[in-house]
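Here's the structure, in structure tokens; my notes come after.
The values are calculated or read from the model by the stated rules, or taken from the named source; none is laboratory data. In this text, all values refer to a predicted model and were calculated from it rather than measured experimentally. Methodologically, a virtual Cβ is constructed for each residue, glycine included, from the backbone with ideal geometry; neighbour enumeration extends over all protein chains shown. The area values use the complete protein model at the heavy-atom level, side chains included, leaving out ligands, DNA and RNA. Shrake-Rupley method; radii C 1.70, N 1.55, O 1.52, S 1.80 Å.
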Amino acid sequence: MTKLLLDRSAIEAAKKGSADLFILALLDDDDHHGYEIGRQIELRSGGDVRFTMASLYATLYRLEERSLIKGRWVEKAGQRRRRYYRITDSGRAMLATQREDWARFIVALTQVAGVRPA
Amino acid sequence: MTSSIQFRSEIERRVAKSGLVLPDATLDELVAYLDDLHAAALEEGVSADEARRRAMTALEESAFSLLQRHAAQHPDRRQAARADLVAQSAGGRSLNVMSAVRLAIRQFQQHPSFAIVTVMVLGLGVGAATTVFTIVDSVVLRPLPYAQPDQLVTLWDTNTEKGLAHDPLSPVNFMDDRALPVFKDAAAWWRPSVNLVDPGQDPVRVTTIEVSGNLFEVLGVGPQLGTGFPTGGPLYVTNELICVISDRLWRTRYSSDPSIVGRPLVLNGIPYLVQGVMPAKFNYPDDIDVWQRLRWPMERHSRDAHFMEAVARLAPGKTIGEAQAAIDSLTARLAAEFPITNKGWGRRVIPLLDEQLGYYRPALMVLFGAVGLLLIIGCLNVASLLLTRALSREKEIAVRVAMGASPRQLIVQLLAESAVLSVAGAVVGTVAAIVTLPLLVSMMPVTIPRLEEAAVDGRALGLGLAVIIGTTIFFGLVPALVLLRSQIVNDLRTGERGSSRGARTIYSVLVVGEVALACALLVSSGLLVRTVSQMMDTPTGIDAADVVVTSVQLSGRDYADWRKTGRVHGAIIDNIRRQPGVIAAGGSNFLPFEVGWRGGFGIAGEPAAARPEDAPQVQYHSVSDGYFESLGAALAQGRAFAPTDEMDTAGVVVVNESFAQRFFSDGRAVGRVITTTSGAIGPLGLNLVRIRPRDPGTPPPAANAPPVHTPPTSFEVIGVVKDVRNAPFGQPVEPALYFTTRQYTFREQFVTVRAADRASAVAAIRNALQQEAPNVPMGVARTWGERFSIRTAEPRLLMTILLFFGALAGLLAALGVYGLFSWSVALRKRELAIRLTLGARPAEVGALVVRQSAILVVSGLAAGIVIIRLAEGALTRVVFGVSPSDATALITASSLLLIAALIACVPPALRAMRVDPVEGLRAE
């Protein structure tokens, strides 16, 4: 788990900037519906990265608008209908780019600011 | 699934609090999220309350404003949002309006039926209003083409005792009028009938006046060619005969040859030198082709001879009121000074335009009012259309208000829609007017003065546009205000929203207005129908629909001798009788409906009047033998004239029934003797004395010498003819004396021929003229039926137009009622369902709708009757023989409208009766 030691505002900004990355990365693995996406991200980040309901969906809609993900309604037997999201090809491309950017950024943090993953 | 419902309502509440409206799909997702969160919490083993608390926390911490942008992305909000976003981001005012207009056009393209109906109704209103306004403007409002036309007035004699209100003047009295300082100048004329004979061309009748030399100066018009009458010249010149001709005569008869100026024109056998050609379209006083300069001094004529017409120009700064007052004191002075000729005579001063328009000014103003009403009804219909439409978009408008659209933006949008509709309607209407106007002018059965110059011009267009755009925008704005101002309150009892109730009130007012105006129009047209039928039913005393009538004038040097004139007129009639196909023929100097000369008379054996001016006045007519027969007039007593009643035999006279009833109380007319004093009977009429055989040595009297007073002569009554109408519609038949043309000759007579068919009659006249009077042209030949229909043409025209408008208005009003109640029933489904559930029978529910519509319609009818009362003044001037508050017309119109409206509310009433109570209750 990465405990970021940057100051509060920078961290908030970083969180906001990385929201897309988290969602795209999660969906790269598998299709998920809204609640599941939020829950998985919270779990895998150990509670550090948490979406509110509104901000989660705002992000999802924004990604869908940019055709990076696509949502569809699914009705499984015995369950209420849910909207599942899937990453698109352009989403994958964007994911690759973002991973690269963040990797370089982390290298810079490491080499310049002496940030080390715990 | 109870928790889902709770979550949903909680979500909706919070979302609404942040001022959003989210699509159902999004709400579903959010509900699913909370459900999942709740379920996950339960799976962890926490209590139900804790699980619920977690869900609520997730809800509370959500800032829904984040979703604003995305709510707008939902497809069914896209259009509305796009416009708002564009408006917000642009900020500029013009972009706001333009995008609103574009949006409006797009919306109408998607749902064209509403737009088409609205544009058609508006186009109809604009087209009708523009056309009628153009006509009214051209005929009534446009100033006359003379210098300072509002300073020009006409003068007419009046005499209340004799029942005269619009009589020609005496030239001597005219000269006294002219001398008044209140007039700058005045001109007078009389109307001889003139034959124009040019070598190598057919002789032709030309409409001529002999006029004082200052006419054109008074009017302020000069010739286009030549010098005209010398400016500042004398009123008359005896030995210099000059004339001026019209542009029309110049073009048609002389091929616009400029050398006509200075050439002589032979008028009635006398050469007149042409001094000028008047400008195009100048035919003052009406249809004149030749203006001859007066050849005799007016002041030396007789005060008793009323045969001239006059126009005067007021002195600068003087008003008509001052002129009338000055003339009144003058006539009073003259009456005192010359009691024999002037007692009882007054003078009227009438503005020139009013004089020229006669019937048409009031008729056109009524028409203008009628079309205005139609326009208003059209606008009311459009207003209700716009209102209904606005209300059906309540939801959309509510969304946009919720999404932050400012009232200003909404108003701009609604105004843009109204503007698009009104502009489209105006374009349609203008095109229709431009196309219709020439058609209408060419189809007009009557000659309305100045109508041929009507062309749709800027003013008419401007008026139409202004009315339409103003009305449409106003009525586009009212629904907006209704919606924006009111709360959407559910009336639990009826299920109606507060906004709908306000709209329903406005709609009801609109319908009442439409019914009122339609009622006014229908009643007016009903009055005209009654007028025309009164006219048609007026007894004429003749049966002459197919009798051909034409005028023949014997004048000039050839006919200076009265004996010859009388003889030739007689010969012409005799000749016509001998022609094939002719059943009867005759002549007269006045046709039915025309008022004859007026003169005094006495009855032999009864005390003469104390003074000549106290003698009773009756009409003098001169008719040939065969005249009464040709017209189908019946005799009540005695006989009609025969060819044996000659110039040199005893004087004979026929009286009409009115005369016999008035003056022969014992009923015995035949055999009585009438005495006449010659006085002036028109400018050329001469009595028995003048045409009695005279000594060969004495020279014949000059053709135009003024008549002199001579001792009375006697005529024996040989017959009584049943009244032939000798007064216009609406006035009673007057007592009349009929003399035979052989004894009482006039230069001009109307020849009446009853024949097997029209062609035979016309051929007979032509042949007879060729044989008896080869140089004499035949006037226009028309049947009496055609002449009669011309007399009634104006009211018939007005009646037709008003009926058309009335029917249209009634239709629109009925549509308005239908629309209102259809819509109202749809809105009140819940109320009606409740009524039905509570035990009301369907018939009662239907009756409720019908009753409510009847109340509206009756209110409208009452208002319509009030409007008629207000318009009574205008209506009185165009109707004859019927009062504007005529009960028949009122009742008929009201009944028609009531029936139409009741029929219109039957479908909604049926729908109300068929409301399914269960469905109705569920409708909300």
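Numbers for the structure displayed
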| read-out | value |
| --- | --- |
| Looking only at segment B:232-277, and only at residues there that are closer than 27 Å to B:H301 by Cα, of a type in the set (S, T, Y) and free of Cβ contacts under 8 Å to residues at least 60 places away in the same chain, the one that is surrounded by the fewest Cβ atoms within 10 Å (Cβ to Cβ) | B:T238 |
| Matching residues in segment B:1-28 - criterion: being facing chain A (nearest Cβ under 9 Å), part of a helix (DSSP H, G or I) and open to solvent by 20 Å² or more (accessible area, probe 1.4 Å) | B:A25, B:D28 |
| Hey, B:R93 surrounded by fewer than 19 Cβ atoms within 10 Å (Cβ to Cβ), modelled with pLDDT under 80, within 26 Å of B:A25 (Cβ to Cβ) and among the basic types (K, R) or not | no |
| Residue in segment B:878-893 that is among the small types (G, A, S), surrounded by 13 or more Cβ atoms within 10 Å (Cβ to Cβ) and at pLDDT 80 or above present | yes |
| Subset of segment B:278-297 that is aliphatic (A, V, I, L, M) and surrounded by 20 or more Cβ atoms within 10 Å (Cβ to Cβ) - its residue that is farthest from B:D157 (Cα to Cα) | B:M278 |
| Selection from segment A:67-89 of residues that are at pLDDT 90 or above, open to solvent by 40 Å² or more (accessible area, probe 1.4 Å) and over 13 Å from A:H32 (Cα atoms) | A:D89 |
| Qualifying residue in segment B:29-43 (condition: open to solvent by 50 Å² or more (accessible area, probe 1.4 Å) and within 11 Å of chain A (Cβ to nearest Cβ)) | no |
| Residues of segment A:50-95 satisfying the condition of being among the polar types (S, T, N, Q), within 9 Å of another protein chain (Cβ to nearest Cβ) and farther than 20 Å from A:D28 by Cβ | A:T52, A:S55 |
| Segment B:213-231 - residue that is part of a loop (DSSP other than H, G, I, E, B) and open to solvent by 70 Å² or more (accessible area, probe 1.4 Å) and, of those, modelled with the lowest pLDDT | B:T231 |
| Matching residues, segment B:147-206, being surrounded by fewer than 21 Cβ atoms within 10 Å (Cβ to Cβ) and among the small types (G, A, S) | B:A147, B:G163, B:A165, B:A179, B:S193, B:G200 |
| B:I867 surrounded by fewer than 16 Cβ atoms within 10 Å (Cβ to Cβ), modelled with pLDDT of 85 or more and in a helix (DSSP H, G or I) | no |
| Number of positions in segment B:45-58 that are within 20 Å of A:H33 (Cα to Cα) and open to solvent by 30 Å² or more (accessible area, probe 1.4 Å) | 1 |
| Residue within segment B:24-46 that is modelled with pLDDT under 90, under 17 Å from A:A54 (Cβ atoms) and either among the hydroxyl-bearing types (S, T, Y) or within 60 Å of the chain's Cα centre (by Cα) (or both) present | yes |
| Residues of segment B:641-660 satisfying the condition of being out of contact with any Ser or Thr (no Cβ under 7 Å at 6 or more places or on another chain) and either surrounded by 22 or more Cβ atoms within 10 Å (Cβ to Cβ) or assigned to a helix (DSSP H, G or I) (or both) | B:V653, B:V654, B:V655, B:N656, B:E657, B:S658, B:F659, B:A660 |
| Close pairs (6 angstrom Cβ cut-off, 6 or more residues apart or separate chains): part of a helix (DSSP H, G or I) in segment B:376-390, charged (D, E, K, R) anywhere | B:I377/B:E514; B:L380/B:E514 |
| Out of B:G586, B:G596, B:G581, B:G570, sole residue that is within 25 Å of B:V753 (Cβ to Cβ), of a type outside the set (S, T, N, Q) and under 37 Å from the mean Cα position of the chain (by Cα) | B:G596 |
| Restricting segment B:105-141 to residues that are of a type outside the set (S, T, Y) and free of Cβ contacts under 8 Å to residues at least 40 places away in the same chain, the residue that is least open to solvent (accessible area, probe 1.4 Å) | B:P112 |
| Condition check for B:R78: open to solvent by 70 Å² or more (accessible area, probe 1.4 Å) and modelled with pLDDT of 80 or more | no |
| Test: A:I106 is surrounded by fewer than 19 Cβ atoms within 10 Å (Cβ to Cβ) and either more than 14 Å from every other protein chain (Cβ to nearest Cβ) or charged (D, E, K, R) (or both) | yes |
| Selected residue (criterion: modelled with the highest pLDDT) from residues of segment B:499-523 that are open to solvent by less than 20 Å² (accessible area, probe 1.4 Å) and touching a Ser or Thr at 6+ places or on another chain (Cβ under 6 Å) | B:L510 |
